[in-house]
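Each reported figure results from applying straightforward, stated rules to the coordinates on display, with no laboratory input. Not measured: the values here are computed from a predicted model. Quick reminder, even Gly has a Cβ in these numbers, built from the backbone with ideal geometry, and neighbours come from all protein chains shown.
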Amino acid sequence: MAKAKSVLVLNGPNLNLLGSREPAIYGHETLADIEKSCREHAQSLGLTLDFRQSNHEGVLIDWIQQGRGKAAGIVVNPGGLGHSSVALLDALLASELPVIEVHLSNIFRRESFRRHSFVSEAARGVICGLGAHGYLLALEALADILGAKKDA
Ligand code: CA2
């Protein structure tokens, strides 16, 4: 049987606070809840997960660089860095991996500065406004792109 493909799921600054504040915008689920549903869904899609969060841009970039040759694709919620970080964009482009960008909230219904994401330029697709379900849809999109075996 073919080895399951590994997906790097990266979460940027402040996403460790999920579930504790601002539920009207980000929902009630914690990042640990999201990780659990991602793991369950990944298994049914024939994917394995490396699920991480950091508040530090450089750490996220190190993880993307280390993912080259190990991960088959990346799901990234860059948090606020999406709106500001050319360095994160460069790292994602350099990885040459398929990237799906996720935002829990609908960034187009909020402040105007959230409407632009540098990361989107490296993304095969962008999902926003669907809460934690967006992560599961991103995994499905990557499974399709990677030709992963469902219910493996
Ligand atoms: O909607 C998303 O997923 C965002 O990436 C979340 C970022 C925000 O800067 C982006 O514009 C959209 C912020 C994450 C902060 O998460 C918090 C969670 C609970 C309490 C406070 C912040």
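It is to be established whether one or more residues within segment 106-124 are surrounded by 16 or more Cβ atoms within 10 Å (Cβ to Cβ) and within 18 Å of Gly27 (Cβ to Cβ).
Yes; the residues of segment 106-124 include at least one that is surrounded by 16 or more Cβ atoms within 10 Å (Cβ to Cβ) and within 18 Å of Gly27 (Cβ to Cβ).
For Leu60, work out the one condition from (1) under 16 Å from Val102 (Cβ atoms); (2) touching a Phe, Trp or Tyr at 6+ places or on another chain (Cβ under 9 Å); (3) surrounded by 16 or more Cβ atoms within 10 Å (Cβ to Cβ) it doesn't fulfil.
Result: Leu60 fails condition (2) only.
Pull out all pairs, ordered by first then second residue, where Cβ-Cβ is under 8 Å, the residues are six or more apart or on different chains, the first lies in segment 91-111 and is under 13 Å from Val9 (Cβ atoms) and among the aliphatic types (A, V, I, L, M), and the second is part of a loop (DSSP other than H, G, I, E, B) and more than 15 Å from the ligand (Cβ to nearest atom).
Leu97/Arg68; Leu97/Ala71; Leu97/Ala72; Val99/Arg124; Ile100/Arg124
Looking at Leu60, Leu89, which one is in a helix (DSSP H, G or I), within 16 Å of the ligand (Cβ to nearest atom) and either in contact with a Leu (Cβ under 7 Å, 6 or more places away or on another chain) or of a type in the set (S, T, N, Q) (or both)?
Leu60
Only one of (1) within 15 Å of the ligand (Cβ to nearest atom); (2) in contact with a strand residue (DSSP E or B) (Cβ under 8 Å, 6 or more places away or on another chain) fails for Leu97. Which number is that?
It is condition (1) that Leu97 fails.
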